[in-house]
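Comments concern the structure below.
Every number in this text was worked out from the coordinates using simple rules, so none of it is lab data. On a predicted model such as this, the values are computed, not experimentally measured, just so you know. Cβ coordinates were reconstructed from backbone atoms using ideal geometry, including for glycine residues, and neighbour counts include every protein chain displayed.
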Amino acid sequence: MKRVTETTLNTTRMDSLDAPRAYSGVRTRRMLSFVFDYTIVLLLSVPVAIVVFLLGIVTFGLAWGLYAVLLPVIAIVYLAFTMGGSSQATPGMRMAGVRVARLDGGIVDPPLAVLHGVLFWASNAVLTPLVLLVGLFTRRKQLLHDLLLGTVVVRDRDH
């Protein structure tokens, strides 16, 4: 009996992912959420940078090497705890009224959320921001990393 319920739930999720309204305004909302989230990551880096500076003084400059990985580590932790959390969205995504969903109906767990962010940055670094044009030609407005991971960004039901 439980198996039927899970199958029905996944079918309902898939049907909602096929609704055109789920993607209305997603590209714009996604860009706004990116700017908001990037600002938060930059603001979080300030106190961490101060701690690294103080550690560098104590370790005679050895800890200053942490500056090389400061922003990526903060962004990874940020994505793991926000997009990989129960809301399936970062604070910027919640503000913009979107969330990430898996096409197979599963949840976006912290490792998948981190991989989502890493693939986004890797695809932009390798293929330039022109890779964002992929979203203009996919039915669900997915970007390259969404296609690779089987995820999609949809409007939240509350917005």
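One table, with the values for the structure above:
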quantity	calculated
Scattering curve values for region 60-133, log₁₀ I(q)/I(0), Debye with Cα scatterers, q = 0.18, 0.25, 0.26 Å⁻¹	-0.81, -1.14, -1.17
log₁₀ of I(q)/I(0) at q = 0.09, 0.12 Å⁻¹ - region 15-159, Debye sum with one point per alpha carbon	-0.31, -0.53
Listed residues I57, I40, I107, most fluctuating in the chain (Gaussian network, C-alpha, under 10 Å)	I57
Tilt relative to the chain, helix 2-18 - C-alpha long axis, 0 to 90 degrees, to 10	80 degrees
Relative contact order of region 88-159, pairs being alpha-carbon contacts under 8 Å that are 6 or more residues apart, as %	39 percent
Efficiency of FRET from Cβ geometry, W64 and L44, R₀ 25 Å, rounded to 0.05	0.85
Relative packing of 83-92, 47-56, which averages over residues the other C-beta atoms within 10 Å, highest first	83-92, 47-56
Helix axis angle, 110-127 relative to the chain longest principal axis, alpha carbon, degrees	80 degrees
Relative contact order for region 28-142, counting Cα pairs under 8 Å that sit 6 or more residues apart, in percent	24 percent
Rounded Å value of the spacing that divides the Cα centres of region 22-63 and region 89-108	20 Å
Length released on extending from F137 to V35, taking residue separation times 0.36 nm less the Cα-Cα span	34.4 nm
Table column - 3J(HN,Hα) (Hz), region 133-142, Karplus curve with 6.51, -1.76, 1.60, x for Gly and Pro	5, 3, x, 7, 10, 10, 4, 9, 6, 7
Principal-axis tilt of helix 26-58 within the chain, Cα atoms, nearest 10 degrees	20 degrees
